Amino acid sequence: MTEQDVGVLAIGAGPSNLALAVALEESGAPGLAEGALVLERHPDVKWQRNLLMPWARSQVSFLKDLVTLRNPRSRFSFLSFLHDRDRLDEFVNMGTFHPFRWELSDYLQWVADSLERVRVRYNAEATSVEPTRDADGSITGWRVRLSDGDTITCRDLVIGAGRDAHVPGVFAGLPADRVIHSSRYGSRIADVPTDRPTRVVVVGGAQSAAEMFMAVHQDLPLSTPTIVVRSIGFQVYQTSKFVNELYFPSFVDDFHDATPEFRAQVLDQMRLTNYAGLAPPFVDELYGMLYQQKRFGPQRSTVRAMTEVAAARVEDGEVVLDLRDLRTGKTEPLTCDLVLLGTGYEPGMPALVRGLADQAGLSDVAVSRHYRVDLGGPAWGGLYLQGVNEATHGMSDSLISVLAQRSQDIVTDLVARRGAPAERRSA
Ligand SMILES: Cc1cc2nc3c(=O)[nH]c(=O)nc-3n(C[C@H](O)[C@H](O)[C@H](O)COP(=O)(O)OP(=O)(O)OC[C@H]3O[C@@H](n4cnc5c(N)ncnc54)[C@H](O)[C@@H]3O)c2cc1C
């Protein structure tokens, strides 16, 4: 077991903290990047590692990569990655703003590998975090314990570890081997035998649910998948260019300055621009698959719209879901072998942050415009949160759209707290 001390420690090597690593390297602030360490619990970097189907695409323009909107001349841009991989000609020829998900995932690993001063430590899962304090009790930094027993202390901690999976209470009593949340789909489905018929029920009507529904047809070739959708049917994302302006980094200021009531209204109106909808081409692909089945068979798939799962249990070794038809109010049982949950992520703070807030004696987690948690008084140590501030920073907070600017906001705050001027440097 080792102990290490760093200046800035970032938990999670996802898009948020990799964008931060790039901003640190480009800040020009003496020693800041050299003193930074990013922890990743997996042995590598992957974007949405369990939904990396070869056909899945990013829903956001590749120009909203980790850096371009902040520094279009950066060597860490997506285009620079393609150039480095000798794929620029072909990518341009595809004529798309929406790269395949695997390609963005490769880009993230390339960024991590291309960092020169910020270090990335793999197979390093942070299991608990606690504040360190000086004699008068004020917070001087943070102590992070890893699953292998090592300890890392730091002055500033940035948590960008994603959100916790949302498993609706109705499924809580099912055995773990019968339920797969979309965040585990790829690794778990690989363990399901492919040589026997499996009755699969997918729950949810948004992108992750629809992607699992599509993928399971190939992953379990003898399966008969049903998808249960509460709404009137699969809907497409709202793609108005006018509304999409609310994903501009500049809108974060407007949103942050607004009243809580207005923010809530905006989030509600923006729901179908992000959650609860599918990318329009994907709706057509799904419909085409079902249409072909009707003509050529076998008729494997069922879409049950306006239906919800009212209860779930195991009877005689089989999963039984009570499906309530929202048109009639009638409930009927559906027996299956495996439930796939496309039920999204918890909107609140992740368990890691809640545990830390308890340790720091905070009843409420409130972040500043620059994503720094209010620790209730002056403190030498700082705590920053990425990707979990939708309520105060807007719908774009959990997306890639604002990463380039957000990481600059955090770096500006880090530099200001060190009393040094922030500089942008074009590589
Ligand atoms: C299926 C799906 C598709 C999406 N598609 C898009 C899209 O097209 N465009 C878009 O903008 N957004 C999309 N999103 C939203 C997505 O949240 C963001 O794109 C982005 O991944 C958020 O980055 P992040 O770094 O904050 O979190 P994450 O991507 O979740 O990365 C967090 C990282 O932290 C690591 N980690 C977690 N806990 C620990 C720990 N305790 N110790 C060490 N490491 C840890 C994880 O392994 C992971 O590598 C999608 C989300 C999903 C679920």
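The table for this structure:
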| item | result |
| --- | --- |
| The stretch 26-71, residues that are touching a strand residue (DSSP E or B) at 6+ places or on another chain (Cβ under 6 Å) and either among the aliphatic types (A, V, I, L, M) or away from the ligand (no atom under 12 Å from the Cβ) (or both) | G35, A36, L37, V38, L39 |
| Matching entry among R184, R117 (being closer than 26 Å to E346 by Cβ and in contact with a helix residue (DSSP H, G or I) (Cβ under 9 Å, 6 or more places away or on another chain)) | R184 |
| First in the stretch 318-330 and not assigned by TED's automatic domain parsing to the domain that holds V203, second anywhere and open to solvent by less than 30 Å² (accessible area, probe 1.4 Å) and aromatic (F, W, Y), Cβ under 7 Å, 6 or more apart | none |
| Residues satisfying the stated conditions in the stretch 154-179, i.e. of a type outside the set (K, R) and within 16 Å of the ligand (Cβ to nearest atom) | C154, L157, V158, I159, G160, A161, G162, D164, A165, H166, V167 |
| Pair list, Cβ < 6 Å and 6+ apart or interchain, from the stretch 279-306 residues that are outside the structural domain of R327 (by TED's automatic domain parsing) to residues that are surrounded by fewer than 15 Cβ atoms within 10 Å (Cβ to Cβ) and part of a helix (DSSP H, G or I) | none |
| Failed item in (1) surrounded by 21 or more Cβ atoms within 10 Å (Cβ to Cβ); (2) closer than 23 Å to L63 by Cα, with M212 passing the rest | (2) |
| Odd one out for G141, checked against (1) small (G, A, S); (2) more than 16 Å from the ligand (Cβ to nearest atom); (3) surrounded by fewer than 16 Cβ atoms within 10 Å (Cβ to Cβ) | (3) |
| Any hit, the stretch 352-362, residues being among the basic types (K, R), assigned by TED's automatic domain parsing to the domain that holds T140 and open to solvent by less than 70 Å² (accessible area, probe 1.4 Å) | no |
| Residue in the stretch 363-377 that is touching a His at 6+ places or on another chain (Cβ under 7 Å) and more than 16 Å from the ligand (Cβ to nearest atom) present | yes |
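The values are calculated or read from the model by the stated rules, or taken from the named source; none is laboratory data. Quick caveat, the model's predicted, so the values are computed rather than measured. In this analysis, Cβ positions are derived from the backbone assuming ideal geometry, glycine residues included, and neighbour counts consider all displayed protein chains. What goes into the accessible areas is simple: the full protein's heavy atoms, side chains included, and nothing from ligands, DNA or RNA. Shrake-Rupley method; radii C 1.70, N 1.55, O 1.52, S 1.80 Å.
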